[in-house]
Amino acid sequence: MTFFHKRKKITSFQIILFGFISVILTGAGLLMLPISARNGQMTNFWDALFTATSAVCVTGLVVQDTATYWSAFGQGIILVLIQIGGMGVVTVAVCVAVASGRKIGLMQRSTMQEAIAAPQVGGIVKMTEFILKTTVLIEGLGAVCLFPVFRKEFGLGKGIWYALFHSVSAFCNAGFDLMGEKEAFSSLTSYVDNPVVNLTIMLLIVIGGIGFMTWEDVKSNRWHIQKYRMQSKVVFTVTGILLGFPFLYFYFREFSHMTGMQRFWMAAFQTVTPRTAGFNTADLASMSEPGQLITILLMLIGGSPGSTAGGMKTTTIAVLAASALAVFLQNEETHLFRRRVVEGAVRNAATILMMYFVLFFAGGIIISSLEQLPVLPCLFETASALGTVGLTLGITTKLGLISRLLLIVFMFFGRVGGLTIIFAAISSGKKSKARLPRAKITVG
(Lines give C-alpha, C1' and ligand atoms only; values in the text may rest on other atoms or scores of the structure.)
Protein backbone atom coordinates (compact mmCIF):
# COMPACT_ATOMS: atom_id res chain seq x y z
CA MET A 1 0.00 0.00 0.00
CA THR A 2 2.95 2.32 0.42
CA PHE A 3 3.04 2.64 -3.37
CA PHE A 4 -0.16 4.70 -3.35
CA HIS A 5 1.23 7.04 -0.69
CA LYS A 6 4.33 7.87 -2.68
CA ARG A 7 4.09 11.25 -4.31
CA LYS A 8 5.21 11.15 -7.90
CA LYS A 9 7.69 13.94 -8.52
CA ILE A 10 6.90 16.05 -11.57
CA THR A 11 9.91 16.56 -13.82
CA SER A 12 11.19 19.73 -15.48
CA PHE A 13 10.25 18.28 -18.86
CA GLN A 14 6.67 17.71 -17.73
CA ILE A 15 6.42 21.28 -16.40
CA ILE A 16 7.57 22.64 -19.77
CA LEU A 17 5.18 20.35 -21.66
CA PHE A 18 2.09 21.12 -19.57
CA GLY A 19 2.99 24.80 -19.46
CA PHE A 20 2.80 25.05 -23.26
CA ILE A 21 -0.42 23.00 -23.37
CA SER A 22 -2.06 25.24 -20.75
CA VAL A 23 -1.17 28.46 -22.58
CA ILE A 24 -2.37 27.04 -25.92
CA LEU A 25 -5.73 25.96 -24.51
CA THR A 26 -6.19 29.26 -22.69
CA GLY A 27 -5.36 31.16 -25.87
CA ALA A 28 -7.78 29.03 -27.90
CA GLY A 29 -10.53 29.73 -25.38
CA LEU A 30 -9.96 33.49 -25.60
CA LEU A 31 -9.87 33.42 -29.41
CA MET A 32 -13.22 31.62 -29.46
CA LEU A 33 -14.90 34.61 -27.79
CA PRO A 34 -17.08 36.77 -30.08
CA ILE A 35 -15.02 39.83 -29.15
CA SER A 36 -11.96 38.23 -30.74
CA ALA A 37 -13.45 38.15 -34.25
CA ARG A 38 -14.30 41.16 -36.41
CA ASN A 39 -17.72 39.75 -37.30
CA GLY A 40 -18.62 39.49 -33.60
CA GLN A 41 -19.37 35.78 -33.84
CA MET A 42 -17.82 32.89 -31.94
CA THR A 43 -14.92 31.22 -33.73
CA ASN A 44 -15.10 27.43 -33.94
CA PHE A 45 -12.79 25.56 -31.58
CA TRP A 46 -10.56 23.98 -34.23
CA ASP A 47 -9.73 27.28 -35.96
CA ALA A 48 -9.05 28.89 -32.57
CA LEU A 49 -6.90 25.94 -31.47
CA PHE A 50 -4.91 25.99 -34.72
CA THR A 51 -4.29 29.75 -34.42
CA ALA A 52 -3.37 29.56 -30.72
CA THR A 53 -0.98 26.65 -31.33
CA SER A 54 0.61 28.46 -34.25
CA ALA A 55 1.07 31.61 -32.12
CA VAL A 56 2.43 29.92 -28.97
CA CYS A 57 4.66 27.67 -31.07
CA VAL A 58 5.74 30.79 -33.03
CA THR A 59 4.96 29.14 -36.35
CA GLY A 60 2.80 31.52 -38.38
CA LEU A 61 0.65 29.02 -40.27
CA VAL A 62 -2.93 30.38 -40.27
CA VAL A 63 -6.34 29.24 -41.41
CA GLN A 64 -7.85 32.74 -41.03
CA ASP A 65 -6.16 35.94 -42.20
CA THR A 66 -4.85 37.68 -39.08
CA ALA A 67 -5.66 41.22 -40.23
CA THR A 68 -9.12 40.74 -41.70
CA TYR A 69 -10.61 38.00 -39.50
CA TRP A 70 -9.45 38.87 -36.00
CA SER A 71 -10.48 42.03 -34.15
CA ALA A 72 -8.04 44.31 -32.32
CA PHE A 73 -8.71 42.22 -29.19
CA GLY A 74 -8.04 38.98 -31.07
CA GLN A 75 -4.85 40.36 -32.58
CA GLY A 76 -3.76 41.44 -29.11
CA ILE A 77 -4.32 37.92 -27.78
CA ILE A 78 -2.30 36.50 -30.68
CA LEU A 79 0.54 38.95 -29.96
CA VAL A 80 0.63 37.98 -26.27
CA LEU A 81 0.68 34.30 -27.22
CA ILE A 82 3.54 34.96 -29.65
CA GLN A 83 5.53 36.77 -26.94
CA ILE A 84 4.98 33.97 -24.41
CA GLY A 85 5.86 31.31 -26.96
CA GLY A 86 8.94 33.16 -28.18
CA MET A 87 10.45 33.79 -24.78
CA GLY A 88 9.23 30.44 -23.51
CA VAL A 89 6.42 29.67 -21.09
CA VAL A 90 8.83 28.91 -18.25
CA THR A 91 10.87 32.07 -18.88
CA VAL A 92 7.76 34.24 -18.74
CA ALA A 93 6.55 32.48 -15.57
CA VAL A 94 9.91 33.05 -13.86
CA CYS A 95 9.90 36.72 -14.95
CA VAL A 96 6.44 37.18 -13.38
CA ALA A 97 7.58 35.43 -10.20
CA VAL A 98 10.69 37.61 -9.93
CA ALA A 99 8.66 40.78 -10.55
CA SER A 100 6.20 39.82 -7.81
CA GLY A 101 9.02 39.23 -5.33
CA ARG A 102 8.52 35.48 -5.02
CA LYS A 103 11.47 33.25 -4.19
CA ILE A 104 12.63 31.00 -7.02
CA GLY A 105 13.26 27.49 -5.74
CA LEU A 106 15.66 24.84 -7.00
CA MET A 107 12.93 23.07 -8.98
CA GLN A 108 12.03 26.29 -10.81
CA ARG A 109 15.69 26.99 -11.50
CA SER A 110 16.21 23.48 -12.85
CA THR A 111 13.17 23.83 -15.13
CA MET A 112 14.44 27.19 -16.36
CA GLN A 113 17.81 25.60 -17.11
CA GLU A 114 16.13 23.01 -19.34
CA ALA A 115 13.92 25.63 -21.00
CA ILE A 116 16.76 27.92 -22.16
CA ALA A 117 19.40 25.20 -22.60
CA ALA A 118 21.65 26.78 -19.95
CA PRO A 119 24.85 24.90 -19.03
CA GLN A 120 24.24 25.20 -15.27
CA VAL A 121 21.62 26.16 -12.69
CA GLY A 122 23.74 28.89 -11.14
CA GLY A 123 22.88 32.40 -12.33
CA ILE A 124 19.57 31.32 -13.89
CA VAL A 125 17.55 34.15 -12.29
CA LYS A 126 20.00 36.80 -13.50
CA MET A 127 19.95 35.17 -16.91
CA THR A 128 16.14 35.37 -16.95
CA GLU A 129 16.23 39.07 -16.13
CA PHE A 130 18.82 39.56 -18.89
CA ILE A 131 16.55 37.75 -21.39
CA LEU A 132 13.58 39.94 -20.46
CA LYS A 133 15.49 43.23 -20.68
CA THR A 134 17.19 42.28 -23.95
CA THR A 135 13.90 41.13 -25.49
CA VAL A 136 12.15 44.39 -24.60
CA LEU A 137 15.09 46.46 -25.87
CA ILE A 138 15.43 44.67 -29.22
CA GLU A 139 11.69 44.54 -29.91
CA GLY A 140 11.43 48.22 -28.99
CA LEU A 141 14.26 49.18 -31.35
CA GLY A 142 12.67 47.08 -34.10
CA ALA A 143 9.33 48.84 -33.63
CA VAL A 144 11.04 52.25 -33.75
CA CYS A 145 12.72 51.35 -37.05
CA LEU A 146 9.50 50.06 -38.62
CA PHE A 147 7.27 52.89 -37.36
CA PRO A 148 8.14 55.57 -39.99
CA VAL A 149 7.28 53.19 -42.84
CA PHE A 150 3.98 52.04 -41.35
CA ARG A 151 3.00 55.52 -40.11
CA LYS A 152 3.34 56.91 -43.63
CA GLU A 153 1.11 54.16 -45.00
CA PHE A 154 -1.41 53.49 -42.21
CA GLY A 155 -1.43 56.63 -40.04
CA LEU A 156 -0.29 57.23 -36.46
CA GLY A 157 -2.43 54.75 -34.50
CA LYS A 158 -2.13 51.84 -36.90
CA GLY A 159 1.48 52.73 -37.55
CA ILE A 160 2.36 52.21 -33.88
CA TRP A 161 0.38 48.97 -33.66
CA TYR A 162 1.73 47.55 -36.91
CA ALA A 163 5.33 48.43 -35.96
CA LEU A 164 5.00 46.77 -32.55
CA PHE A 165 3.16 43.70 -33.85
CA HIS A 166 5.62 42.97 -36.65
CA SER A 167 8.66 43.66 -34.47
CA VAL A 168 7.52 41.15 -31.84
CA SER A 169 6.44 38.65 -34.49
CA ALA A 170 9.81 38.88 -36.27
CA PHE A 171 11.96 38.73 -33.14
CA CYS A 172 9.98 35.73 -31.87
CA ASN A 173 10.34 34.11 -35.31
CA ALA A 174 6.54 33.83 -35.51
CA GLY A 175 5.72 35.09 -39.00
CA PHE A 176 2.27 36.47 -38.16
CA ASP A 177 1.51 39.67 -40.08
CA LEU A 178 -1.24 42.27 -40.46
CA MET A 179 -0.85 42.93 -44.17
CA GLY A 180 -4.04 41.10 -45.09
CA GLU A 181 -5.85 44.44 -45.39
CA LYS A 182 -3.94 44.95 -48.64
CA GLU A 183 -4.42 41.38 -49.84
CA ALA A 184 -5.33 38.32 -47.79
CA PHE A 185 -2.36 36.15 -46.78
CA SER A 186 0.01 38.51 -48.65
CA SER A 187 2.65 38.69 -45.87
CA LEU A 188 5.35 41.29 -46.73
CA THR A 189 5.24 40.90 -50.52
CA SER A 190 4.43 44.62 -50.96
CA TYR A 191 7.74 45.53 -49.26
CA VAL A 192 9.96 43.41 -51.49
CA ASP A 193 12.39 46.26 -52.21
CA ASN A 194 11.90 48.38 -49.07
CA PRO A 195 15.33 48.41 -47.37
CA VAL A 196 14.05 49.50 -43.93
CA VAL A 197 11.42 46.76 -43.63
CA ASN A 198 13.67 44.08 -45.13
CA LEU A 199 16.75 44.87 -43.04
CA THR A 200 14.84 45.38 -39.79
CA ILE A 201 12.80 42.19 -40.10
CA MET A 202 15.84 40.13 -41.12
CA LEU A 203 17.95 41.40 -38.22
CA LEU A 204 15.14 40.70 -35.75
CA ILE A 205 14.77 37.16 -37.11
CA VAL A 206 18.50 36.39 -36.91
CA ILE A 207 18.98 37.97 -33.45
CA GLY A 208 15.96 36.11 -32.07
CA GLY A 209 17.17 32.84 -33.56
CA ILE A 210 20.76 32.70 -32.29
CA GLY A 211 19.80 31.87 -28.70
CA PHE A 212 19.77 33.48 -25.26
CA MET A 213 23.08 31.95 -24.18
CA THR A 214 24.78 33.34 -27.28
CA TRP A 215 23.46 36.81 -26.42
CA GLU A 216 24.99 36.46 -22.98
CA ASP A 217 28.31 35.43 -24.52
CA VAL A 218 28.32 38.49 -26.77
CA LYS A 219 27.43 40.75 -23.85
CA SER A 220 30.17 39.32 -21.61
CA ASN A 221 33.02 38.90 -24.12
CA ARG A 222 32.24 41.47 -26.81
CA TRP A 223 34.77 41.09 -29.63
CA HIS A 224 36.95 38.56 -27.77
CA ILE A 225 35.63 35.65 -29.80
CA GLN A 226 38.26 33.25 -28.46
CA LYS A 227 36.58 33.54 -25.04
CA TYR A 228 33.17 32.47 -26.36
CA ARG A 229 31.70 29.12 -25.39
CA MET A 230 32.11 26.38 -27.97
CA GLN A 231 28.34 26.44 -28.50
CA SER A 232 28.34 30.14 -29.38
CA LYS A 233 31.15 29.62 -31.89
CA VAL A 234 29.20 26.76 -33.46
CA VAL A 235 26.02 28.85 -33.60
CA PHE A 236 27.72 31.76 -35.38
CA THR A 237 29.61 29.49 -37.79
CA VAL A 238 26.61 27.40 -38.85
CA THR A 239 24.36 30.46 -39.00
CA GLY A 240 26.86 32.17 -41.30
CA ILE A 241 27.05 29.14 -43.59
CA LEU A 242 23.26 28.79 -43.74
CA LEU A 243 22.91 32.47 -44.60
CA GLY A 244 25.74 32.57 -47.14
CA PHE A 245 25.36 29.61 -49.48
CA PRO A 246 21.55 29.70 -49.89
CA PHE A 247 21.79 33.45 -50.61
CA LEU A 248 24.16 32.78 -53.51
CA TYR A 249 21.79 30.16 -54.93
CA PHE A 250 18.70 32.36 -54.61
CA TYR A 251 20.52 35.40 -56.02
CA PHE A 252 22.08 33.75 -59.07
CA ARG A 253 19.51 31.05 -59.83
CA GLU A 254 16.09 31.67 -58.30
CA PHE A 255 15.68 35.43 -58.75
CA SER A 256 18.09 36.00 -61.64
CA HIS A 257 15.26 37.50 -63.73
CA MET A 258 15.14 40.49 -61.35
CA THR A 259 17.47 43.45 -61.42
CA GLY A 260 19.09 45.86 -59.01
CA MET A 261 18.42 45.94 -55.28
CA GLN A 262 15.08 44.16 -55.59
CA ARG A 263 16.96 41.01 -56.58
CA PHE A 264 19.36 41.43 -53.63
CA TRP A 265 16.61 41.99 -51.04
CA MET A 266 14.49 39.16 -52.43
CA ALA A 267 17.37 36.67 -52.23
CA ALA A 268 18.50 37.87 -48.79
CA PHE A 269 15.01 37.77 -47.29
CA GLN A 270 14.27 34.34 -48.72
CA THR A 271 17.51 33.08 -47.17
CA VAL A 272 16.70 34.42 -43.69
CA THR A 273 12.97 33.79 -43.36
CA PRO A 274 13.02 29.95 -43.56
CA ARG A 275 15.05 30.00 -40.33
CA THR A 276 11.64 29.54 -38.62
CA ALA A 277 10.38 33.10 -39.23
CA GLY A 278 7.54 32.62 -41.72
CA PHE A 279 7.38 36.02 -43.43
CA ASN A 280 7.81 36.09 -47.18
CA THR A 281 8.38 38.72 -49.86
CA ALA A 282 8.42 36.24 -52.75
CA ASP A 283 5.70 34.09 -54.27
CA LEU A 284 6.91 30.76 -52.91
CA ALA A 285 4.61 28.74 -55.19
CA SER A 286 6.33 30.22 -58.25
CA MET A 287 9.80 29.14 -57.10
CA SER A 288 11.48 26.19 -58.77
CA GLU A 289 11.43 22.79 -57.10
CA PRO A 290 15.16 23.00 -56.18
CA GLY A 291 14.47 26.36 -54.54
CA GLN A 292 11.54 24.92 -52.61
CA LEU A 293 13.66 21.94 -51.51
CA ILE A 294 16.43 24.25 -50.24
CA THR A 295 13.77 26.19 -48.34
CA ILE A 296 12.50 22.92 -46.82
CA LEU A 297 16.00 22.03 -45.66
CA LEU A 298 16.47 25.47 -44.07
CA MET A 299 13.09 25.16 -42.33
CA LEU A 300 13.95 21.78 -40.86
CA ILE A 301 17.32 22.99 -39.53
CA GLY A 302 15.80 26.12 -37.97
CA GLY A 303 17.52 28.30 -35.38
CA SER A 304 19.70 27.66 -32.35
CA PRO A 305 19.07 26.13 -28.89
CA GLY A 306 17.48 28.31 -26.23
CA SER A 307 16.20 30.81 -28.80
CA THR A 308 12.84 31.97 -30.11
CA ALA A 309 13.29 29.66 -33.10
CA GLY A 310 12.34 26.05 -33.68
CA GLY A 311 13.66 23.30 -35.95
CA MET A 312 16.35 20.67 -35.39
CA LYS A 313 18.77 23.49 -34.42
CA THR A 314 22.09 24.60 -35.87
CA THR A 315 24.07 22.79 -33.17
CA THR A 316 22.42 19.47 -34.04
CA ILE A 317 23.61 19.74 -37.64
CA ALA A 318 27.08 20.84 -36.49
CA VAL A 319 27.45 17.86 -34.13
CA LEU A 320 26.31 15.42 -36.81
CA ALA A 321 28.71 16.91 -39.36
CA ALA A 322 31.59 16.78 -36.87
CA SER A 323 30.69 13.18 -36.00
CA ALA A 324 30.73 12.22 -39.68
CA LEU A 325 34.11 13.93 -40.11
CA ALA A 326 35.45 11.97 -37.12
CA VAL A 327 34.37 8.74 -38.83
CA PHE A 328 36.00 9.79 -42.11
CA LEU A 329 39.26 10.58 -40.30
CA GLN A 330 38.96 7.42 -38.18
CA ASN A 331 38.99 9.44 -34.95
CA GLU A 332 37.40 7.86 -31.90
CA GLU A 333 35.97 11.16 -30.61
CA THR A 334 34.04 14.04 -32.13
CA HIS A 335 35.69 17.47 -32.03
CA LEU A 336 34.44 21.04 -32.51
CA PHE A 337 36.68 24.10 -32.12
CA ARG A 338 39.41 22.06 -30.43
CA ARG A 339 36.99 20.67 -27.85
CA ARG A 340 35.65 17.14 -27.45
CA VAL A 341 31.92 16.71 -27.90
CA VAL A 342 30.37 14.45 -25.26
CA GLU A 343 28.99 11.18 -26.62
CA GLY A 344 25.53 11.96 -25.25
CA ALA A 345 25.28 15.03 -27.50
CA VAL A 346 26.10 12.93 -30.57
CA ARG A 347 23.41 10.37 -29.66
CA ASN A 348 20.86 13.12 -29.01
CA ALA A 349 21.65 14.78 -32.34
CA ALA A 350 21.23 11.50 -34.24
CA THR A 351 17.94 10.84 -32.43
CA ILE A 352 16.60 14.32 -33.22
CA LEU A 353 17.52 13.95 -36.89
CA MET A 354 15.77 10.59 -37.09
CA MET A 355 12.60 11.90 -35.39
CA TYR A 356 12.37 14.96 -37.61
CA PHE A 357 12.86 13.10 -40.87
CA VAL A 358 10.44 10.30 -39.94
CA LEU A 359 7.74 12.83 -39.00
CA PHE A 360 8.56 15.02 -42.00
CA PHE A 361 8.15 12.26 -44.58
CA ALA A 362 5.29 10.51 -42.80
CA GLY A 363 3.37 13.76 -42.34
CA GLY A 364 3.83 14.83 -45.94
CA ILE A 365 2.74 11.45 -47.29
CA ILE A 366 -0.32 11.29 -44.99
CA ILE A 367 -1.50 14.81 -45.88
CA SER A 368 -0.91 14.16 -49.60
CA SER A 369 -2.95 10.95 -49.38
CA LEU A 370 -5.78 12.51 -47.37
CA GLU A 371 -6.09 15.71 -49.40
CA GLN A 372 -5.22 14.28 -52.84
CA LEU A 373 -2.51 16.91 -53.28
CA PRO A 374 1.00 16.68 -54.82
CA VAL A 375 3.63 15.43 -52.37
CA LEU A 376 6.01 18.42 -52.55
CA PRO A 377 3.54 21.06 -51.27
CA CYS A 378 2.53 18.68 -48.48
CA LEU A 379 6.17 18.05 -47.51
CA PHE A 380 6.70 21.83 -47.58
CA GLU A 381 3.73 22.29 -45.23
CA THR A 382 4.97 19.55 -42.89
CA ALA A 383 8.49 21.00 -42.77
CA SER A 384 7.00 24.43 -42.07
CA ALA A 385 5.04 23.07 -39.10
CA LEU A 386 7.89 20.96 -37.70
CA GLY A 387 10.35 23.83 -38.04
CA THR A 388 7.76 26.27 -36.60
CA VAL A 389 8.26 28.44 -39.69
CA GLY A 390 4.87 29.33 -41.12
CA LEU A 391 5.77 29.45 -44.81
CA THR A 392 3.28 27.76 -47.11
CA LEU A 393 2.67 27.08 -50.78
CA GLY A 394 -0.94 28.11 -50.27
CA ILE A 395 -2.57 24.87 -49.14
CA THR A 396 -3.09 25.52 -45.40
CA THR A 397 -6.62 26.89 -45.71
CA LYS A 398 -7.60 24.02 -48.03
CA LEU A 399 -6.69 21.24 -45.60
CA GLY A 400 -9.26 19.11 -43.82
CA LEU A 401 -9.60 18.66 -40.06
CA ILE A 402 -7.34 15.60 -39.75
CA SER A 403 -4.53 17.29 -41.70
CA ARG A 404 -4.85 20.42 -39.56
CA LEU A 405 -4.72 18.35 -36.39
CA LEU A 406 -1.56 16.70 -37.69
CA LEU A 407 -0.01 20.14 -38.28
CA ILE A 408 -1.02 21.20 -34.75
CA VAL A 409 0.86 18.20 -33.34
CA PHE A 410 3.87 18.97 -35.51
CA MET A 411 3.93 22.65 -34.48
CA PHE A 412 3.81 21.64 -30.83
CA PHE A 413 6.56 19.05 -31.39
CA GLY A 414 8.74 21.59 -33.18
CA ARG A 415 8.49 24.28 -30.49
CA VAL A 416 8.58 22.21 -27.32
CA GLY A 417 11.15 19.77 -28.68
CA GLY A 418 10.90 16.07 -29.44
CA LEU A 419 13.25 14.98 -26.67
CA THR A 420 11.42 17.17 -24.12
CA ILE A 421 8.10 15.52 -25.03
CA ILE A 422 9.57 12.03 -24.86
CA PHE A 423 11.39 12.68 -21.57
CA ALA A 424 8.17 14.11 -20.13
CA ALA A 425 6.16 11.06 -21.20
CA ILE A 426 8.67 8.43 -20.13
CA SER A 427 9.67 8.41 -16.48
CA SER A 428 13.38 7.95 -15.96
CA GLY A 429 12.95 5.68 -12.97
CA LYS A 430 15.93 3.88 -11.48
CA LYS A 431 18.64 3.01 -13.94
CA SER A 432 19.93 -0.53 -13.81
CA LYS A 433 23.67 -0.90 -13.31
CA ALA A 434 23.69 -4.22 -15.11
CA ARG A 435 25.43 -4.23 -18.49
CA LEU A 436 24.55 -6.58 -21.33
CA PRO A 437 27.24 -8.37 -23.39
CA ARG A 438 28.59 -6.48 -26.38
CA ALA A 439 28.06 -7.65 -29.96
CA LYS A 440 29.39 -6.20 -33.20
CA ILE A 441 27.07 -5.11 -35.99
CA THR A 442 28.11 -3.93 -39.44
CA VAL A 443 26.62 -0.62 -40.62
CA GLY A 444 27.04 1.18 -43.92
Identify all residues within region 358-395 that are more than 19 Å from residue 294 (Cα to Cα) and buried (at least 23 other Cβ atoms within 10 Å of the Cβ); write none if there are none.
367
Among the residues that make up region 149-172, is at least one of them touching a His at 6+ places or on another chain (Cβ under 9 Å) and surrounded by 19 or more Cβ atoms within 10 Å (Cβ to Cβ)?
yes
Can you work out which of the residues in region 205-236 that are open to solvent by 60 Å² or more (accessible area, probe 1.4 Å) and among the polar types (S, T, N, Q) is modelled with the highest pLDDT?
231
Please tell me if residue 277 is surrounded by fewer than 16 Cβ atoms within 10 Å (Cβ to Cβ) and of a type outside the set (Asp, Glu).
no
Of the residues in region 1-15, those that are out of contact with any helix residue (DSSP H, G or I) (no Cβ under 6 Å at 6 or more places or on another chain) and either outside any loop (DSSP other than H, G, I, E, B) or at pLDDT 80 or above (or both) number 4
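Every residue, every condition in (1) over 21 Å from residue 176 (Cβ atoms); (2) part of a loop (DSSP other than H, G, I, E, B); (3) under 22 Å from the mean Cα position of the chain (by Cα), yes or no:
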residue	(1), (2), (3)
324	yes, no, no
327	yes, no, no
332	yes, yes, no
344	yes, no, no
378	yes, no, yes
389	no, yes, yes
414	no, no, yes
422	yes, no, yes
With the structure loaded, tell me whether residue 382 is outside any helix (DSSP H, G or I) and under 26 Å from the mean Cα position of the chain (by Cα) or whether it fails that test.
no
Can you tell me which of (1) assigned to a helix (DSSP H, G or I); (2) farther than 30 Å from residue 91 by Cα; (3) at pLDDT 90 or above is the one residue 397 doesn't meet?
(3)
Exactly one condition in (1) crowded, with 19+ Cβ neighbours inside 10 Å; (2) in contact with a helix residue (DSSP H, G or I) (Cβ under 6 Å, 6 or more places away or on another chain) is false for residue 175; which is it?
(2)
So which pairs qualify, if the first residue must be in region 252-263 and open to solvent by less than 60 Å² (accessible area, probe 1.4 Å), the second must be in a helix (DSSP H, G or I), the Cβ gap must be under 6 Å, and the two must be at least 6 apart or on different chains?
254/291; 255/263; 255/266; 255/267
Would you confirm whether any residue within region 280-288 is in a loop (DSSP other than H, G, I, E, B), open to solvent by less than 50 Å² (accessible area, probe 1.4 Å) and free of Cβ contacts under 8 Å to residues at least 60 places away in the same chain?
yes
Please enumerate the residues belonging to region 189-204 that are modelled with pLDDT of 90 or more, over 15 Å from the mean Cα position of the chain (by Cα) and of a type outside the set (Val, Ile, Thr).
191, 194, 195, 198, 199, 203
Among the numbered criteria (1) open to solvent by 30 Å² or more (accessible area, probe 1.4 Å); (2) of a type outside the set (Gly, Ala, Ser); (3) modelled with pLDDT of 90 or more; (4) out of contact with any helix residue (DSSP H, G or I) (no Cβ under 6 Å at 6 or more places or on another chain), which one does residue 338 miss?
(3)
Please work out which one of (1) under 30 Å from residue 171 (Cα atoms); (2) touching a residue at least 24 places away in the same chain (Cβ under 8 Å) is the condition residue 364 fails and give its number.
(2)
Reported set for region 281-320 where residues are touching a Leu at 6+ places or on another chain (Cβ under 6 Å) and under 16 Å from residue 377 (Cβ atoms) is 284, 285
Going residue by residue through region 72-82, is there one that turns out to be modelled with pLDDT under 70 and within 20 Å of the chain's Cα centre (by Cα)?
no
Pairs where the first residue, in region 324-351, is farther than 18 Å from residue 313 by Cβ and the second is open to solvent by 100 Å² or more (accessible area, probe 1.4 Å), C-beta under 8 Å, 6+ apart
326/332; 333/340
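The values are calculated or read from the model by the stated rules, or taken from the named source; none is laboratory data. Predicted, not measured: the structure shown is a model, and the values here were computed from it. Every residue, glycine as well, gets a Cβ built from its backbone with ideal geometry; the counts of neighbours run over all protein chains shown. Side chains are part of the model used for accessible areas, which takes the heavy atoms of the whole protein and leaves out ligands, DNA and RNA. Shrake-Rupley method; radii C 1.70, N 1.55, O 1.52, S 1.80 Å.
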